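Read the figures in this text as sums done on the coordinates, not as results from a lab. Since we're looking at a predicted model, the values are computed, not measured. Neighbour counts run over all protein chains shown; Cβ positions are idealised from the backbone, glycine included.
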Amino acid sequence: MEHTSSAYPDSLRITTLQGHILEQQTAHPQASGTFSWILSALSISAKIIADRVRRARLENVLGSVGTENVQGEVQQKLDVIANEVLLRTLAGREGVAMVASEENETPIILRNSSPGVTRYCVLFDPLDGSSNLDVCGAVGTIFSILAHRGDSGRPEDSLLQPGSRQVAAGYVLYGSSTVFVLTTGNGVDMFVLDPGIGAFMRVERALKIPVGNKTYSVNEGNRQSFPADVQRYLDWAQSQGYSSRYTGAMVADLHRILLKGGVFLYPSTAKAPEGKLRLMYEANPLAMIIEQAGGKAVDGAGRRILDIPPSAVHQRTPLVIGAADQVDRVLAIGAG
Ligand code: P6P
């Protein structure tokens, strides 16, 4: 049977991330390509970081650099390397006005706004869960893209937009394979790096989180300082035979939830009364992805993460995120 391009179901088409980005751009005839170039910078960054992660022990770049980041967390050598890769690729993209990183105390302003020129702010956690590196565990990169608002007072105020204003969000999981997951507001698509050809290949489109998976993901070591509602939920879940999965890298836990269902919790604790996870470049981008896949993401008071008005780039938030049915359970059971 002769195949024509229209006959190929997506599952048989060969589409790379680069091709997908251009497909998305053609859907916006007025697009200048600026946004596409930013996504392609994230793609090449992911390939470089994946290569460095996989060779880390061979190149003796595991372990810490002996300094702390703005969060007061010990910086791993690869945290710094991944951060540099992202800064250097994004700096070369004319459409990037500024970047904010977990590893940098203040945002880096690259270009000011110009009349009639649309530019963007890119926020990222360059290597989430990097303490897993020394033991060959999964790690990830998380990114969020906001339109740069030239009208804001201080340049960095352009960053302080609620997550609902994100124009794109995604993550890269450096696991048993290197996976790039992306949403630009029209569903969630998944790509896997083919190291043989150096391209991310599209393998899933319009992902939807399965419901009914009785699995929760939380650091039970903090249980004694969890709020009472979370304790009630954990008692209930264990009475219902729930399984527990927790990798120490939120990207890996969220990727499992995206594909299989379940719920992830990082509540407030005695050590982190505001929660540990950062709103702008962890909770917001992952919340956009999870909501686009039919899930939910709320803070410790049940507020929608994407509605939280940020007041600081590095602010933290408690987080409950995952399949809608499982997040609803946490809220209902927790309410007592
Ligand atoms: P804890 C990694 O440091 C991270 O930000 C998330 O990726 C991960 O889920 C969490 O913190 C792990 O924190 O306190 O359980 O070790």
Order of 208, 47 under a 10 Å beta carbon neighbour criterion, fewest first: 208, 47
Kirkwood Rh in Å, taken over all unlike Cα pairs in the range 127-186: 13.5 Å
Prolate/oblate/rounded label for the range 258-336 (Cα gyration tensor, a/c 1.5): oblate
Coordinate range along principal axes, alpha carbons of the range 188-336, Å, largest first: 50, 39, 25
Largest to smallest principal axis extent of the C-alpha atoms in the range 161-212, angstrom: 39, 31, 18
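Which value, in debye to the nearest 20, gives the size of the charge dipole of the chain about its Cα centre, when Lys and Arg are +1 and Asp and Glu are -1 at the Cβ?
Result for the chain is approximately 260 debye, rounded to the nearest 20.
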Least to most buried among 226, 180 (fewest other Cβ within 10 Å first): 226, 180
Translational diffusion coefficient (Stokes-Einstein; Kirkwood radius from C-alpha pairs) of the range 178-267 at 4 °C, 1.567 mPa s, in µm²/s: 87 µm²/s
Residue 22 versus residue 112: modelled label distance in nm, points set 7 Å from Cα along the beta carbon direction: 3.6 nm
Relative contact order %, the range 5-204, counting alpha carbon pairs below 8 Å whose residues are six or more apart: 17 percent
Percent of Cα pairs exceeding the 33 Å cut-off, where the set is the chain: 25 percent
All aspartates and glutamates inside 19 Å of residue 296 as judged from Cα atoms, apart from same-chain residues fewer than 8 positions distant: 189, 229, 253, 282, 307, 325, 328
Label-point gap, in nm, between residue 224 and residue 55 - each point 7 angstrom along Cα→Cβ: 4.6 nm
Cα-based Rg of the range 5-204 normalised by 2.2 N^0.38 Å, two decimals: 1.05
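Can you bin the range 71-153 into rounded, prolate or oblate? Criterion: square roots of the alpha carbon gyration tensor eigenvalues sorted a ≥ b ≥ c, rounded for a/c under 1.5, prolate for a/b above b/c, oblate for the rest.
prolate
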Gaussian network model of the chain, Cα within-10 Å springs - most flexible of 50, 100, 237: 237
Over the chain, relative contact order from alpha-carbon pairs under 8 Å, at least 6 apart, %: 15 percent
Listed residue pairs exceeding 30 Å between alpha carbons, taken from 214/276; 77/260; 77/214; 47/260: 77/260; 77/214
Sorted by Cβ neighbour density within 10 Å, fewest at the top, the residues 121, 136: 136, 121
Length-normalised contact order of the range 215-334 in % [C-alpha pairs under 8 Å, at least 6 apart]: 32 percent
Among 291, 94, 59, residue whose mean-square fluctuation peaks in a GNM of the chain (springs only between Cα atoms under 10 Å): 59
DSSP beta bridges in the range 215-334 [antiparallel fraction, %, rounded to 5]: 70 percent
Estimated distance in nm for a label pair at residue 44 and residue 136, the labels positioned 7 Å out from Cα along Cα-to-Cβ: 3.2 nm
